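First the structure, in the form of structure tokens, and then the observations on it.
The values are calculated or read from the model by the stated rules, or taken from the named source; none is laboratory data. Please read all numbers here as calculations on a predicted model, not as lab measurements. Here the Cβ positions follow ideal geometry from the backbone for every residue, glycine too, while neighbour counts run over all protein chains shown. Note: accessible area is taken over every heavy atom of the protein model, side chains too, but ligands, DNA and RNA are not part of it. Shrake-Rupley method; radii C 1.70, N 1.55, O 1.52, S 1.80 Å.
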Amino acid sequence: MQYSIPRGTYDILPEESPKWHKVIAEFRKLVEAYGYAEILTPIFEQADLFERSSGKSSDVVKKEMYRFTDRKGREFALRPEGTAPVARSYIENRMDIGSLNKKLYYLGPMFRYDRPQAGRYRQFYQYGVEFIGSNHPYYDAEVIAILWNYLTGLGLKKLRLELNSVGCPNCSKDYDKALQSYFQPYLNQLCPDCQERFERKPRRILDCKVKECQEIAKNVPVQLDYLDTSCIEHFAEVQQYLDLMKIPFTINPRIVRGLDYYTNTAFEVIYEGIGAQNALAGGGRYNGLIEQIGGKNIPAVGFAGGFERLLLALEEEAIALPGHPVPEVFIITIGSEAQKIIIPYLNIIRGKGIYAEYEPDRASLKAQLKAANNSKAFYALIMGEEEVKQKSAILKNLESGEQKLYSLEPISHLIKAIQNKEI
Ligand code: HAM
């Protein structure tokens with residue numbers, strides 16, 4: 001019986017993992033400069049947490065959630081996203097005590113049962129931040145700045161930041177009514193999903209991928225025309241802060257977002273050239289969410305992006321990422337006596353954090369030298385019969401061919417030579 005990996009998932013193979021390390025390390029470095037601290041939450045949560053926050057009618061909950069019942073009949077779900085779990089943890093751990101503002105970031109796998117395609121997986125890896133505690137429009141812009149600086153800092157150029165305001169629940173109601181009046185005459189022509197959306201959440205129709213629905217939705221009224229005064233002001237201020245931060249954006253009044261919890265600012269970073277799944281990241285403000293899941297009325301804003309699409313974009317722009325590390329030194333021994341002598345030193349060298357390779361199953365000097373060259377090691381450290389007698393070894397620069405004899409005692413001299421690339 002041969003097993004295969006579940007559809008929509010992937011292995012990160014050793015050749016790939018340095019790239020992942022790099023993008024993750026850059027993300028940590030940047031968000032920590034903004035004062036964000038990491039939060040890790042479980043991979044599964046009560047299913048109801050997502051139903052309440054993302055919305056029962058959202059595709060994420062309705063069609064894509066990995067739900068399961070545990071042995072005691074409790075309903076859980078593999079997390080489809082990170083915002084609701086972070087909000088749950090914020091409430092449960094009383095993070096509102098003391099300073100109200102909390103800056104949190106997270107990294108980890110999310111799960112959505114969707115049709116896999118380029119840039120869309122059933123298990124995917126998100127990076128994200130959540131700023132909880134203030135409705136100040138500066139923070140909307142700050143969160144966007146983090147995302148923008150992260151992506152441009154990695155070298156990406158073909159990015160487009162799209163911005164919208166979906167208003168507060170009050171203006172949303174008016175907008176939903178306007179959408180219903182617009183779609184009413186076409187109700188029978190909409191797909192079955194959109195007919196349901198018409199009742200519960202008409203703006204979801206704008207996100208429908210069915211051609212006929214898209215055609216009908218071409219001339220819908222836009223949300224921005226239905227914002228109340230305070231939502232208009234908030235939106236204008238976010239834009240002013242973005243201008244101050246010199247972050248270019250375009251207004252796209254058709255951004256809906258797939259999750260229900262958004263209020264006011266909604267944004268996406270789009271990257272053309274990686275296929276249909278072109279949203280590198282997305283987010284926005286979610287002022288009602290914390291109260292909705294049992295906390296106080298505390299405003300918040302954040303974003304998340306998927307590393308898979310990010311890596312596709314980096315590849316598209318041919319931005320070099322690190323490959324598998326090469327050894328600093330490759331140990332070569334001739335005869336069993338040399339092996340016995342060198343092994344304790346090999347351990348000491350590695351203990352100093354020097355990447356040293358040794359392949360004792362290759363016997364001849366020629367085979368070992370070939371392996372050293374193939375590994376692209378900087379040095380070979382060779383111990384033959386002559387060196388055994390002197391308790392020393394030859395350090396050879398594999399590029400220049402230059403070599404020098406080092407005594408193994410004290411080993412610190414050889415270690416220094418390797419670390420400082422003395423030859
Ligand atoms: P989202 O737009 O559903 O938002 O997902 C954010 C990002 O995750 C997407 O832009 C995409 O890069 C990646 N992503 C989503 N689904 C998949 C998939 N099936 N395969 C690969 N990548 C995927 C959220 O998740 C919100 N929690 C963002 C947020 C944080 N809003 C406020 N705070």
Exercise. How many residues, within the stretch 54-90, are open to solvent by less than 40 Å² (accessible area, probe 1.4 Å) and in contact (Cβ under 8 Å) with a residue 40 or more places away in the chain?
Worked result: 16
Problem set entry | Criterion: free of Cβ contacts under 8 Å to residues at least 24 places away in the same chain, touching a strand residue (DSSP E or B) at 6+ places or on another chain (Cβ under 9 Å) and closer than 27 Å to Gly323 by Cβ - qualifying residue of Leu405, Leu398, Leu346, Leu369 | Leu346
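Taking the condition charged (D, E, K, R), assigned by TED's automatic domain parsing to the domain that holds Val143, more than 16 Å from the ligand (Cβ to nearest atom) and part of a loop (DSSP other than H, G, I, E, B), does Arg28 pass?
no
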Seminar exercise, completed: In the stretch 239-265, anything under 10 Å from Leu163 (Cα atoms) and among the hydrophobic types (A, V, I, L, M, F, W, C) is listed as Phe249, Ile251, Ile255
For this session: Sort through Tyr105, Tyr90, Tyr113, Tyr138 and tell me the only one that's modelled with pLDDT of 95 or more and away from the ligand (no atom under 14 Å from the Cβ).
Result: Tyr138
Problem set entry | Checklist (1) in contact with a strand residue (DSSP E or B) (Cβ under 9 Å, 6 or more places away or on another chain); (2) open to solvent by 70 Å² or more (accessible area, probe 1.4 Å) applied to Glu142, failing item | (2)
Exercise. Across the stretch 31-61, which residue is nearest to Glu75 (Cα to Cα) among those that are part of a loop (DSSP other than H, G, I, E, B) and at pLDDT below 95?
Worked result: Lys56
Exercise. If you take the residues of the stretch 272-314 that are open to solvent by 30 Å² or more (accessible area, probe 1.4 Å) and of a type in the set (D, E, K, R), which of them is farthest from the ligand (Cβ to nearest atom)?
Worked result: Lys296
Exercise. Quick check: anything in the stretch 231-243 on the phi > 0 side of the Ramachandran plot, open to solvent by 40 Å² or more (accessible area, probe 1.4 Å) and away from the ligand (no atom under 16 Å from the Cβ)?
Worked result: no
Problem set entry | Count of the stretch 197-227 residues which are open to solvent by 50 Å² or more (accessible area, probe 1.4 Å) and either farther than 17 Å from Val61 by Cα or over 33 Å from the mean Cα position of the chain (by Cα) (or both) | 11
For this session: Kindly establish whether Ala318 is out of contact with any helix residue (DSSP H, G or I) (no Cβ under 6 Å at 6 or more places or on another chain), small (Gly, Ala, Ser) and not in a loop (DSSP other than H, G, I, E, B).
Result: no
For this session: Provide a single number: the residues in the stretch 116-133 that are open to solvent by less than 20 Å² (accessible area, probe 1.4 Å), more than 8 Å from the ligand (Cβ to nearest atom) and out of contact with any Phe, Trp or Tyr (no Cβ under 8 Å at 6 or more places or on another chain).
Result: 1
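Provide a single number: the residues in the stretch 2-16 that are in contact with a Phe, Trp or Tyr (Cβ under 8 Å, 6 or more places away or on another chain) and in contact (Cβ under 8 Å) with a residue 60 or more places away in the chain.
Within the stretch 2-16, the first condition is being in contact with a Phe, Trp or Tyr (Cβ under 8 Å, 6 or more places away or on another chain), and the residues that meet it are 8-10, 12.
Still in the list and also in contact (Cβ under 8 Å) with a residue 60 or more places away in the chain: 8-10.
Residues flagged as in contact with a Phe, Trp or Tyr (Cβ under 8 Å, 6 or more places away or on another chain) and in contact (Cβ under 8 Å) with a residue 60 or more places away in the chain within the stretch 2-16 amount to 3.
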For this session: Enumerate the helices (runs of 4 or more DSSP H) found wholly within the stretch 354-421, keeping only those where 1 or more residues are open to solvent by less than 10 Å² (accessible area, probe 1.4 Å), at pLDDT 95 or above and in contact with a helix residue (DSSP H, G or I) (Cβ under 8 Å, 6 or more places away or on another chain).
Result: 411-419
